1. Note the angle between two axes, namely the Cα long axis of helix A:101-125 and the longest principal axis of the Cα atoms of chain A, as a number of degrees from 0 to 90, rounded to the nearest 10.
2. Suppose R0 equals 30 Å. What FRET efficiency, 1/(1 + (r/R0)^6) with r the Cβ-Cβ distance, do A:R58 and B:K59 give to the nearest 0.05?
3. Could you give each residue of segment A:79-91 its phi-based ³J(HN,Hα) in whole Hz, using Karplus coefficients 6.51, -1.76, 1.60 with θ = phi - 60°, and x for Gly or Pro?
4. If one takes the longest principal axis of the Cα atoms in chain B, at what angle in degrees, from 0 to 90 and to the nearest 10, does the Cα axis of helix B:197-213 lie?
5. At a 10 angstrom cut-off on C-beta neighbours, averaged per residue, how do the peptides B:241-248, B:129-136 rank from highest to lowest?
6. Report, in degrees rounded to the nearest 10, the 0 to 90 angle that the Cα long axis of helix B:150-166 makes with the longest principal axis of chain B.
7. What gaps in nm, shortest first, separate B:D149 from its twins in the other copies when you place the label 7 Å past Cα toward the beta carbon?
8. Can you list residues whose amide H is under 5 Å from B:V86's amide H, if they're 5+ apart or on another chain and H is modeled 1.01 Å from N?
Protein chains: 2
Amino acid sequence: MQDAPRQAPEVPALEVQLPPRRPLRPLDAFAGSLAQRVYASLREAILSMSFRPGDSLRKPEICAQLGVSRSPVSEAVTRLAVEHLVRIVPQTGTYVARFSLAEIREGAFLREALELAAVENVAQTITEDELTQLRHNLRLQQALLDDDDFDGFYQTDAAMHELILSFTGYRRVAALAETSWVHVNRARQLILPAPGRVQSTYAEHQAILAAIEARDPVAARAATRLHLGQLIGFLEPLALARPDLFEPD
Amino acid sequence: MQDAPRQAPEVPALEVQLPPRRPLRPLDAFAGSLAQRVYASLREAILSMSFRPGDSLRKPEICAQLGVSRSPVSEAVTRLAVEHLVRIVPQTGTYVARFSLAEIREGAFLREALELAAVENVAQTITEDELTQLRHNLRLQQALLDDDDFDGFYQTDAAMHELILSFTGYRRVAALAETSWVHVNRARQLILPAPGRVQSTYAEHQAILAAIEARDPVAARAATRLHLGQLIGFLEPLALARPDLFEPD
DNA sequence: TCTTGCATACTAACATGTTAGCTTGGGCCT
DNA sequence: AGGCCCAAGCTAACATGTTAGTATGCAAGA
């Protein structure tokens, strides 16, 4: 069940560093029903690579570690399977999903579809108050960039996208975009941003805001498409560098 | 909130006929795990209005009717709640979701976002074989129209959209579009098509296919947007005619 | 008449017991 | 030595028992 490190060529094509394994976050850090909290805790572990692609998910162990019975764990695992974050093999076991380039491409497609529609909508309907929020977010990005706080920058980047999605007024689009995007995100954190990429990202964000400020839906679409199109290109080499993390196609 | 002056006051604004209540379809009509089959059976009952908005979902009754225990029923109900097809009130009961105009609008937005992205993609990548399938579908529509087989026409209409979504090569977009669209669909079947609407639908389908044949993504987007934009307008009067089926806003 | 308090009868949520199917490993036969 | 078979030990899936929280109805009191 444990994935043995396959042959390492002398120098990998990409510097890939796996974050350390951490124990499950206790349930009291989350809200909602037990099942909901177990779901959140497991999801976090998978997305943060504490549970790694191919790992076996041992329910008794999880039950013991979280101090709950099998029912909420089962329900949580079922929900993770719907998102393709785990793979349930009937009567055999449950495994953390490996990456799949097909699934990553699909996630990128979905995210782009949703976010293009959102930004086109928002460019036509945005209020002054909402614009203020976006401007504030972008100023924050600038400040974090000046401080070389890349982690903070990433957070604020995500927040900007979330703002735009929420400005459509549709509650579920942000959530849907997030779940569509989840495989991309899980893979993304494995690669260090290329030099200068963060600055380009900031510039692209500026372009998006400018188009929204101009209430120009066509330009907003174009700027957003340009922005989102960047990431996938950086991701594909990962499949070559770490085939052990990927689904065999 | 203003009702348009389009109706004589004495007749109701809309002739709304609810389909008859039918018993749950037995599980052996479906495939997969028990939970999966229970889910499918309940979903069908809700979408076909056999279970009506506001109805209480009595688990013991369902268990008895389907001959299973509470576990698979619980899991099925949980999944229905994720889709907002039922509303679970903790420690109180589970109810078939009422319609919500907000949710219907959101579903239409999502579907449009996905289908516009799909058709734009497909117009650039479609193969001759796939084009043949679309042409065949459209000829079938024509034939069904000539026979006044509106039910068959609707099936083929849905199949055409599904074809286009599947031609992207992304497995989950069709499923996602379906679940996004589910509230629109549930409401749609309550209203009879306006006179001549079916013919217009066919013409719009022709325009979409023509744009795809021309491999013109912009025209394909425009034609699809025009087509999808029709339905929502026909749906809004329903909330006025049958407020009892709708969530109070 | 209207309110208040309590007993009752529901429900979802959770815990635990049971079943059936897959995988694995070891011994036996060839 | 190598392949095959069978049994043991996993697992998910399902059944059933338990707990706790909410609505409801009725009766008693204001």
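Coordinate-derived values only; no laboratory data. Remember, it's a predicted structure, so these values are computed and weren't measured experimentally. Every residue, glycine as well, gets a Cβ built from its backbone with ideal geometry; the counts of neighbours run over all protein chains shown.
1. Approximately 30 degrees, to the nearest ten.
2. Calculated value: 0.45.
3. 5, 5, 5, 4, 7, 6, 8, 10, 10, 8, 9, x, 6
4. 60
5. Most protected by this proxy first, the peptides run B:241-248, B:129-136.
6. 80
7. 6.6
8. Answer set, sorted by chain and number: B:A81, B:A97.
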